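Reading through the structure tokens given below for one structure.
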């Protein structure tokens, strides 16, 4: 639908709000130091033996630092710190396994970073051996890794394949040279295509492509070219994120001049173009910012109302406990969230003292669980039945009285449909789902945390 200038002004005002990405609830800015290693050890020990686990391994190193990056990572020019860090990961794996009351099944493993693809084959192998010696990794476990195509070697791919890799997420972001130069990530199309070819030759069954809109120097034409290049790679999934420019939180982002960034209206146009082009080429929109072939498990989970969301984004993982391993890694347990020490020196110090390196977290209250469920269902399904949610989580009928004014305003703008107790976000308003979720966030009003643009 063609938008008038007045429409664009209203949309720009609407999406100018800064809200969380809701990969958790409560969100990470509300974690605190009151959740220490003693509490974490108790939470681990209290997990029933039949509880399946997911594991996340964080590798906080890269060859070069991309200026857009919002991850906990640092650039290194030699491999020694990475090798030493792998020793720390092995120690944490042992400590976590010892804290558990029994040996648990593991159905999902995610290698994230940073750039896990910079690990040498021998370190990939010894980390994989450690996981399998301490946990019962199921034969059908999903094993995913984040890949930087630049300098990717066939022996690295082979090492991950031997570790059971089932899905690789390849960072592309944007293929336009002017955009790449502005974000300090020069990556040729040939490098990306070679990485995809190596993965397919190694028999990796699923390929995901990560793209980023809202970058400096992006234009509608350059973005269109990036989308079509991504389609040429024939991925099973695509993640199309909006760039979060928060230089107050990530100092290196100040190297990107704000004057080069697209405005809110442009960001909305870029997001809409991605949806139009990808859906027109056979991909199903999944949640807020993912796209998948109908044959992919992610699309199937979305169509069945079985989609989940965690710190890695949208997932088919429904495990009740996600164990985060590595500096800054976040774990999610039935009792609450925990986060490891963010800096490698602090992470190393605690491990040297024989302690679990958790530095902060938050215990979930009864209200947290209810609101988390509502926010997750909105983020995943674009709809939620509030009465049903209260029934499942024993919530009181007046639990959401604080949300009603915002919902009424959104309903008046057409952003939500509100029928009885069912709140839904129409497909054309999918980009606004984080704004709707924010209405249910009891921590957001009066908070001091800095969040990214809602689009």
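Here are a few things to note about the model shown:
Let's see how each residue does on (1) touching a residue at least 24 places away in the same chain (Cβ under 8 Å); (2) in a strand (DSSP E or B); (3) surrounded by fewer than 23 Cβ atoms within 10 Å (Cβ to Cβ):
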{"site": "288", "(1), (2), (3)": "yes, no, no"}
{"site": "291", "(1), (2), (3)": "yes, yes, no"}
{"site": "294", "(1), (2), (3)": "no, no, yes"}
{"site": "301", "(1), (2), (3)": "no, no, yes"}
{"site": "305", "(1), (2), (3)": "yes, no, yes"}
{"site": "314", "(1), (2), (3)": "yes, yes, no"}
{"site": "317", "(1), (2), (3)": "yes, no, yes"}
{"site": "323", "(1), (2), (3)": "yes, yes, no"}
{"site": "328", "(1), (2), (3)": "yes, no, yes"}
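- Filter pass, residue 266 being farther than 21 Å from residue 21 by Cβ, in contact with a helix residue (DSSP H, G or I) (Cβ under 9 Å, 6 or more places away or on another chain) and part of a helix (DSSP H, G or I): no
- Scan segment 35-80 for residues that are out of contact with any strand residue (DSSP E or B) (no Cβ under 7 Å at 6 or more places or on another chain), within 23 Å of residue 353 (Cβ to Cβ) and either surrounded by 14 or more Cβ atoms within 10 Å (Cβ to Cβ) or touching a residue at least 40 places away in the same chain (Cβ under 8 Å) (or both) and the total you get is 5.
- Residue 432 vs. criteria in contact (Cβ under 8 Å) with a residue 40 or more places away in the chain and surrounded by fewer than 22 Cβ atoms within 10 Å (Cβ to Cβ): no
- Criterion violated by residue 345 - all others in (1) surrounded by fewer than 20 Cβ atoms within 10 Å (Cβ to Cβ); (2) in a helix (DSSP H, G or I); (3) modelled with pLDDT of 95 or more; (4) touching a strand residue (DSSP E or B) at 6+ places or on another chain (Cβ under 9 Å) satisfied: (4)
- Residue that is under 21 Å from the mean Cα position of the chain (by Cα), farther than 30 Å from residue 51 by Cα and either surrounded by 14 or more Cβ atoms within 10 Å (Cβ to Cβ) or in the same structural domain as residue 107 (by TED's automatic domain parsing) (or both), where the choices are 207, 183: 183
The values are calculated or read from the model by the stated rules, or taken from the named source; none is laboratory data. Computed from a prediction, not measured in an experiment: that's the story for all the values here. Note that each Cβ is placed from the backbone with ideal geometry, even for glycine, and that neighbours are counted across all protein chains shown.
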